[in-house]
Every structure is written in C-alpha cells, then in structure tokens.
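Participant: Here it is, the structure in full.
The values are calculated or read from the model by the stated rules, or taken from the named source; none is laboratory data. Small disclaimer: the values here were computed from a predicted structure and weren't measured. With ideal geometry, Cβ positions are generated from the backbone for all residues, glycine too; neighbour counts draw on all protein chains shown.
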Amino acid sequence: MLSSPEIALIKATVPILREHGVALTQHFYQRMFRLNPELKNIFNMGNQQNGKQQTALAMSVLAYAEHIENPSVLFPVLQHIGDKHTSLQIKPEQYDLVGNHLIASIKEVLGDQASDDLLQAWTAAYKQLAKLMINLEQQIYQQKESQQDGWKGWRSFTVKKKVIESDEITSFYLYPTDGQKIVLHKPGQYLSIKLFLPQLGISQPRQYSISSAPNNTYYRISVKKEIDPNRGVKGTLSNHLHDAIQIGSTVEASIPAGNFTFNTESVAPLILLSGGVGQTPFISMVEHLTNLDHTRSVKWIHACRSENVHAFKEEMNKWQETHEWFEHIVFYEHDDGNNTSVKRGRLNIEQVKDSVLLPEAEYYLCGPKPFIEKAYADLIAYGVDHKHIFFEEFGPQTVQLN
C-alpha cells in the first residue's frame, strides 16, 4: 500500500502528465529500445512510428495517477491491457525491466522537478501496478490454458487457404500445424500472430480479429493491406502477409483473446456499426448467429469507401435473404449512384434511425478512432444510454468515451 505522502506526490504530478505525458512516454520508448533492442520483437513498431503507442501509454499513466487512491476503478481498462499482454506472452520479469526505464525516464524528462521523494513515490506506485497486473495476467493465462483444446505460448499454424475478399482485404485460413483441435473462440475476439520480418530484422506481433464462426478446426483472419506513402513501418506486417505468405506458409499464434464479445443468451436487439475493416469481428458474430436457432433482431450498418473495398458483401446479402432477423445497410463514401441498395456518403445515423434506434438495443461499434467517436456521439445525442454502447478501436486504445 502507498503511504499518504506518496499518494499526494503522485497526485501532484497529474498536471505535469496532462501537459507532458506524451513527451515522457516518447522518451521512455526511445530509451528502452536503445538499451534493450530485443524488446522491439514484442512491441508493434508501426504504432511506435505513428505515435499511437506513446499516446495510449501516456493516457494510461495519467489515468493511473488520477485514480491512485483507488486503482480498482480502472479494472475494465486493466483487463483489456491484461488480455493484450497475455496474447503477446508478456512475462512477470519484463515488468521490472520496463519499470526501471519508466522511473529513469521520469528523472531524465522532469530534471530538477524529479525529487528523490517523487521518484520513490512513483517507484512504489509502479510496483503496486505491476503486482496488480502480474496477478491479473496470471489468472488470464491460467483461464486460457484450462480451456478445452487451449494451449500455452505461441503455436504454429499453417495457411491452408488464402481468399481475396476485396481490393484491400484478404482472408487467411489458419490450421494448427500439429493437426490437433483448437479452442473455440468467442465471436468478436482477436488472434495475435507473430512473424519474422526480414526487412526489419525482427519478429513482429499483430492482433487481428477472427472473422470466422467458432469451430475446432481453423481460425480465419481477414487483413487489410495497409499502404504507407512515407515508406515507413506502417503496414509492414500486413504487406508481408499479403505478398509473402502463401498457402503452406506457417505463422505463430497465441490463444484467442479480447473481451469485445456479446452475450449470446441476450434477446435484446443487436445493432452493429462498423467502418472499413472494422467489420471483421462482426463477420464472426453474425456467422455464429446464423448457426443458431434464434430470432434475435440484428441490424448491421457498415460504412466503407466504395464497393471495391467492401469485403464479404456476398455473404451479407445472402444472410439478409435467408434470415428474417437480419438486416444489413451499407454506406459507400464514393458511389456512382447506380446501386440503389446502398446509401451514399459516410455513415449517417439520421438516415437509419428507424432501424437502429430500438428500445433496449445493444450497440457495438468497431473501426478507426474518428468513426467510433462520431458514431458514439450521434447515438448519445439520440438518447442511447452509454451503458448499452460497446466499442473496439483497432490498435492501441486511445478512445476514451465511457
């Protein structure tokens, strides 16, 4: 437990973190990768380059400082981080290494403002957080490994099928190389995969939503090919998957993770709002529901740039034709106007309010940050209770809405 003086010192740094938090985390990552370059094999270097990881960490450190007297209120956030850490096989001893770099960074960035008492307080605070996270992650590891057909660590999977779904998105069907069964994932969960990238000289992990219904045989991930006009790290792994990974190639994967899932026992209307490749977890959800005997109303509103980048549209049309409980509405930002079955422009709640604004409905949002923020704000403006809205941002979590 932290002492009262230590808590006071931590809280006193909140204004500094609000103003200089990103500068601190930028320094932290630069320091850590310079002195421990082996950690580049664990972190997404694309998110390092675009600044998302630094921003996400700065927001997390600030939230922890703000709630230092009762960090348990952050449990939903910590649970999300724990899921991500266990999918990446983070180990307890790595917390000490990261902690040393964080405290050193505080001292180096704050300079004279970093008194010995302040550094001691943050050291104690970090140890408290590390202990909490290590215990939480140990529970997650044990729970995952105890599942039927579960496994520990990274497992080899073979690509047995590769399907082009649109101009940008390709699906990869991953079968366990050992021929054994795989754990049934929960619709909406993601799979962490790891590949060695020759052009970077390091291994890189990425998380991709599982786009298939739960089964004991294979996982399907549907990956958008990201193009970086600046020829940076962004999209390095997605490009490698599209260009270098062929049928017969192998990848490493950890057990499915994530809590962006829905209650299959609920009878409340299910409203799905997706932008771009944010459709992938919903493909798993709806495909799973088509295999069940139910009458739950499902409305799915999807927005993307054009028909050329709209993946799985044939499957969605088939589901709508064969299931009375399912309705699919599409927005194309660019459209010639000849397709009367789609709406033009970006997703607009006003145009579909009769379909999506339903009593007791549960709303799931998935896509890039601007899409989620706009859809969330619009739903709130129409009177939807925020407790009924759930969202998943691809990449480091920087959306703070609830």
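Participant: Scan the range 106-145 for residues that are of a type in the set (Asp, Glu) and over 20 Å from Thr13 (Cβ atoms) and report the count.
Facilitator: Going residue by residue through the range 106-145, those that are of a type in the set (Asp, Glu) are 108, 112, 116-117, 137, 145.
From what's left, over 20 Å from Thr13 (Cβ atoms): 137, 145.
Residues flagged as of a type in the set (Asp, Glu) and over 20 Å from Thr13 (Cβ atoms) within the range 106-145 amount to 2.
Participant: Further question: When you scan the range 288-342, how many residues do you find that are within 27 Å of Pro368 (Cβ to Cβ), part of a loop (DSSP other than H, G, I, E, B), without any contact (Cβ under 8 Å) to a residue 40 or more places away in the chain and of a type outside the set (Asp, Glu)?
Facilitator: 7
Participant: In addition: Hey, can you tell me all the residues within the range 187-217 that are more than 29 Å from Leu292 (Cα to Cα) and part of a loop (DSSP other than H, G, I, E, B)?
Facilitator: Those that are more than 29 Å from Leu292 (Cα to Cα) and part of a loop (DSSP other than H, G, I, E, B): Pro198, Gln199, Leu200, Gly201.
Participant: Could we say that Lys91 is in contact with a Gly (Cβ under 8 Å, 6 or more places away or on another chain), at pLDDT 90 or above and over 14 Å from Lys11 (Cα atoms) here? Can you show your working first?
Facilitator: Numbers: in contact with a Gly (Cβ under 8 Å, 6 or more places away or on another chain): no; at pLDDT 90 or above: yes; over 14 Å from Lys11 (Cα atoms): yes.
The answer is no for Lys91.
Participant: Hey, can you tell me all the residues within the range 244-260 that are surrounded by 21 or more Cβ atoms within 10 Å (Cβ to Cβ) and in a loop (DSSP other than H, G, I, E, B)?
Facilitator: Across the range 244-260, the qualifying residues are Ser254, Ile255, Pro256, Gly258, Phe260.
Participant: Please list, ordered by first then second residue, the pairs with beta carbon atoms under 6 Å, 6 or more apart or interchain, first in the range 97-119 and closer than 14 Å to Gly21 by Cα, second in a helix (DSSP H, G or I) and of a type in the set (S, T, N, Q).
Facilitator: Pairs that qualify, where the first residue is closer than 14 Å to Gly21 by Cα and the partner is in a helix (DSSP H, G or I) and of a type in the set (S, T, N, Q), are Ile103/Thr123.
Participant: Still on this structure: Starting from the range 139-163, keep only residues that are closer than 16 Å to Pro205 by Cβ, then list their pairs with residues that are of a type in the set (Phe, Trp, Tyr) and in a strand (DSSP E or B) whose Cβ atoms are within a distance under 7 Å, requiring at least 6 positions of separation or different chains.
Facilitator: Phe157/Tyr175
Participant: Residues Lys152, Lys161: which one is touching a helix residue (DSSP H, G or I) at 6+ places or on another chain (Cβ under 7 Å) and either under 30 Å from Lys225 (Cα atoms) or surrounded by fewer than 16 Cβ atoms within 10 Å (Cβ to Cβ) (or both)?
Facilitator: Lys152
Participant: Please count how many residues of the range 106-122 are within 16 Å of His27 (Cβ to Cβ) and not in a helix (DSSP H, G or I).
Facilitator: Number satisfying all stated conditions: 1.
Participant: To continue, here is another question. His185 versus (1) within 13 Å of Ile255 (Cβ to Cβ); (2) surrounded by fewer than 18 Cβ atoms within 10 Å (Cβ to Cβ): which is the lone unmet condition?
Facilitator: (2)
Participant: Related question: Please go through the range 64-88 and give me each residue that is buried (at least 17 other Cβ atoms within 10 Å of the Cβ) and small (Gly, Ala, Ser), ordered by number.
Facilitator: Answer for the range 64-88, where residues must be buried (at least 17 other Cβ atoms within 10 Å of the Cβ) and small (Gly, Ala, Ser): Ala65, Gly82, Ser87.
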